[in-house]
Amino acid sequence: MDYEMELSRALNAVREEGRYRVFADIARHRGAFPRASFHTEKGTRDIIVWCSNDYLGMGQHPVVVEAMQKAIKEVGAGSGGTRNISGTTHYHVELEAELASLHQKEASLLFTSGYVANDATLSTLAKVFGDCIIISDELNHASMIEGIRRGGGAKRVWKHSDLRHLEELLRETDPAKPKIVAFESVYSMDGDIAPIGDICDIAHKYGALTYLDEVHAVGMYGPTGGGIAERDGVLDKVDIIEGTLAKGFGVMGGYIAGSSVLIDVIRSYAPGFIFSTSLAPVLVAGILASVRYLKQSNQERDQHQERASRLRHMMADAGLPVIWCDSHIVPVMVGDPVICKQVSDELLEEFGMYVQPINYPTVPRGTERLRFTPSPLHDDDMMRDLVDALDKVWTRRNIRRAA
């Protein structure tokens with residue numbers, strides 16, 4: 001086999017479909033988020049970032065930066081090993097206690113990313129329970145799908161947030177078999193929010209555990225940042241909560257929270273946890289500061305919701321095909337991968353506005369979009385400039401407007 005030719009053929013197929021990914025080389029300006037520098041062969045220019053998952057700008061917050069600076073001066077850079085072999089620092093212990101408290105659970109466990117947390121936990125539970133059926137929402141994240149696949153057990157897919165279909169699938173399962181209902185709170189591509197309490201009630205009616213991915217909600221919803229489940233007062237109904245430390249909390253990593261025995265099982269059985277070097281203490285120190293700060297400050301959450309609502313209305317008033325939802329996600333439909341990439345390129349090169357095109361396989365073919373994530377730090381002038389730029393590009397390219 002000509003390996004290089006086969007690899008080139010695979011890349012060409014992606015290019016021909018218009019979904020070849022190009023990484024923007026940017027450097028955020030400390031203390032001036034969402035401003036950043038965009039680096040190209042032609043030079044460097046200032047831009048506004050419109051697609052960061054650092055939803056609240058906590059990656060730039062003085063409390064977080066100062067905590068990380070203090071930690072690196074005190075303990076250095078790396079953790080030194082896996083959690084079992086010298087990689088458990090007191091920062092890790094404190095953060096796991098803080099996250100358990102955040103979700104009103106007995107314990108929590110840190111991972112290097114939210115992806116690893118989902119993959120490791122779901123695959124491990126399926127193997128430990130044996131002959132386990134996992135019922136998964138059809139729009140669940142790739143990390144959940146991969147974890148379910150690697151678990152090797154039976155899988156059922158239920159129509160997105162369709163309570164009737166969920167109950168129908170549960171009713172058809174053997175009552176004696178272990179079951180897990182896996183779903184998300186905020187679905188990040190459309191921005192819709194799951195009816196968590198109702199889903200849990202149906203799952204428990206048929207003896208199933210509930211597994212909730214709150215990655216796009218932790219830090220940003222609820223009185224202390226515990227997510228949609230906290231906001232809706234249903235934390236007690238959720239058996240396992242998974243979250244990230246890289247979005248609302250602004251740093252890096254992932255975690256799960258649940259009963260002490262469940263956390264101990266994942267700690268003891270999951271290869272993705274056991275054999276990974278632990279998060280660097282400098283990162284954990286920053287996360288710990290972010291979690292503690294957001295537990296007592298609602299200012300960022302309130303501003304965040306107001307900014308998202310403001311931008312959504314401005315886009316709608318301009319006739320742009322924005323998807324309406326109740327969360328902080330502001331998606332604008334394009335419906336073609338090539339045009340989506342072209343619009344993204346023009347916004348960046350002509351107007352200095354960076355938003356990454358979202359194409360297949362992240363979203364289904366034909367639903368390609370631009371996904372905007374306004375933060376508390378995007379001001380009205382930035383929003384007006386963005387909407388004006390979008391309006392010009394939409395008109396120039398004759399892209400379909402809102403109905």
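The values are calculated or read from the model by the stated rules, or taken from the named source; none is laboratory data. What you are looking at is a predicted structure, and each value in this text was computed from that prediction instead of being measured. We place every Cβ from the backbone using ideal geometry, glycine too, and count neighbours over all the protein chains shown. Keep in mind that these areas ignore ligands, DNA and RNA; they rest on the heavy atoms of the full protein, side chains included. Shrake-Rupley method; radii C 1.70, N 1.55, O 1.52, S 1.80 Å.
The table that follows gives values for the structure above.
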item: Filter result for residue 88 (hydroxyl-bearing (Ser, Thr, Tyr) and within 30 Å of residue 380 (Cβ to Cβ)); result: no
item: Test for residue 110: is it buried (at least 22 other Cβ atoms within 10 Å of the Cβ) and either in contact with a strand residue (DSSP E or B) (Cβ under 9 Å, 6 or more places away or on another chain) or free of Cβ contacts under 8 Å to residues at least 12 places away in the same chain (or both); result: yes
item: Matching strands (runs of 3 or more DSSP E) fully within the stretch 29-112 where at least 2 residues are more than 21 Å from the chain's Cα centre (by Cα) and of a type outside the set (Val, Ile, Thr); result: 35-40, 43-49
item: Which numbered condition residue 17 fails, given (1) over 21 Å from residue 280 (Cα atoms); (2) in contact with a His (Cβ under 9 Å, 6 or more places away or on another chain); (3) not β-branched (Val, Ile, Thr); result: (2)
item: Checklist (1) touching a Lys or Arg at 6+ places or on another chain (Cβ under 9 Å); (2) open to solvent by less than 40 Å² (accessible area, probe 1.4 Å) applied to residue 29, failing item; result: (2)
item: Test: residue in the stretch 221-232 that is in contact with an Asp or Glu (Cβ under 8 Å, 6 or more places away or on another chain), within 26 Å of residue 261 (Cα to Cα) and part of a strand (DSSP E or B); result: no
item: Answer residue from the stretch 387-403, given it is in a helix (DSSP H, G or I) and open to solvent by 100 Å² or more (accessible area, probe 1.4 Å) and is modelled with the highest pLDDT among those; result: 392
item: Test: residue 243 is under 30 Å from residue 366 (Cα atoms) and at pLDDT 95 or above; result: yes
item: Qualifying positions in the stretch 197-226 - in contact with a strand residue (DSSP E or B) (Cβ under 7 Å, 6 or more places away or on another chain), more than 11 Å from residue 247 (Cβ to Cβ) and open to solvent by less than 10 Å² (accessible area, probe 1.4 Å); result: 199, 200, 203, 208, 210, 211, 212, 213
item: Failed item in (1) at negative phi; (2) more than 19 Å from the chain's Cα centre (by Cα); (3) not aromatic (Phe, Trp, Tyr), with residue 220 passing the rest; result: (2)
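This table checks each residue for (1) at pLDDT below 95; (2) open to solvent by 10 Å² or more (accessible area, probe 1.4 Å); (3) closer than 30 Å to residue 221 by Cβ.
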{"site": "317", "(1), (2), (3)": "no, yes, yes"}
{"site": "331", "(1), (2), (3)": "no, no, yes"}
{"site": "351", "(1), (2), (3)": "no, yes, no"}
{"site": "358", "(1), (2), (3)": "yes, yes, yes"}
{"site": "368", "(1), (2), (3)": "yes, no, yes"}
{"site": "373", "(1), (2), (3)": "no, no, yes"}
{"site": "385", "(1), (2), (3)": "no, yes, yes"}
